[in-house]
1. Going by what's in this entry, would Tyr141 be described as crowded, with 21+ Cβ neighbours inside 10 Å and under 16 Å from Ala209 (Cβ atoms)?
2. List pairs: first in the stretch 277-293 and in a strand (DSSP E or B), second aromatic (Phe, Trp, Tyr), Cβ under 7 Å, 6+ apart or cross-chain?
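Only the coordinates and a few stated rules stand behind these numbers; no lab work does. Fair warning: this is a prediction, and the values are worked out from it, not measured in the lab. Positions of Cβ are backbone-derived with ideal geometry, glycine not excepted, and every protein chain shown enters the neighbour counts.
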Amino acid sequence: MKVSNRRFSRFFTVATILCAALLAGCAGSNPQWRIQNPYESVDWSTHQQYKANFHTHTTMSDGRERPEQVIDRYSALGYSILALTDHDTIGPGGDRRHPAKEKTTWPWDAYGRDPEKVGMVAVEGNEISRVHHLGSYFNDYGDADVGSETVAVEEIGRRGGLAVLFHPGRYKRSVGWYVDMFRNYPHLVGIEIYNQGDRHPGDRRTWDAILMAVAAERPVWGFSNDDMHDPDSQLGRNWNVLVLPELSSEWVRRAMEEGIFFYVFAPQGHDGAPPPVIESVTVDSRKGIISIQASGHERIQWISAGTMVHQGDSVDLSNTSGIEGYIRAVIYAAEGGSLVGTQPFSLQ
């Protein structure tokens, strides 16, 4: 069948227009940025925010108050989640020379406190202390004689637990050592970036260096914990805010695994001005924009590669230089020096 040049030309023109429209549509539908948003599952209109401390000591190791007193102290300050992380193998009736059978300060009922009646989620925990200190959660592991961090982390994983590396500023470990640990153990979910106030300011630099190396492979969450031994001087300056649909052990664990929380540092504790409150986090992957709605704050800084790359309630990734694989936000209070920070958003 012979096709006239005129009909062919018209067909070609229509086909060209259709192809151009399809290509434009595809370009518009594909995101320019692939943003891993740890808060993606949060419904900001219904989910609630809960205060948590994951590093706490009692008289069962080297703390100054009994477990039930410590629980009551945190409850009085409005905490909803608490892990008693006494050192190693100390349990009810034990001491360092004669460790008890119990590996952890657990259950709370042994100390006259029912978590449900107190209105808190109790997280079974321990601080492994002979090697690089690390928190062990959701299992009964404790070992005062463990020979290496890898053995300890592997045992926590074998028991179905989660692990967090504590106060890295106390140790002379290379960034490469931390990177290897996080690459090898998915249940090692994060690192303390604030501990007992802010006694190791370099911990955030370590965190940022780790993120630069592994953000494209896996997340590493930042925790802020009291590491409380003396409640009169060390309680209530550091906490984490979990954003949950319900207050349950299952959701607490999920938040620790997926980074559905913020970290808080309040240098004056609960006696000072309250820290800012993050009310919502919005991510537009197509436009490459991350926005934070907050209250009680003076400014929001955006950090990547350990450096502030932008300041403002929103960051336009396409028009911000210095971004290397991730970005995180720090929200500063107008007074009192307190702050709240997000977990990192991995970027591709």
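1. So Tyr141 does not fit the description; no.
2. Partner pairs satisfying both residue conditions: Ile278/Phe262; Glu279/Trp44; Ser280/Trp44; Val281/Tyr39; Ile290/Phe345.
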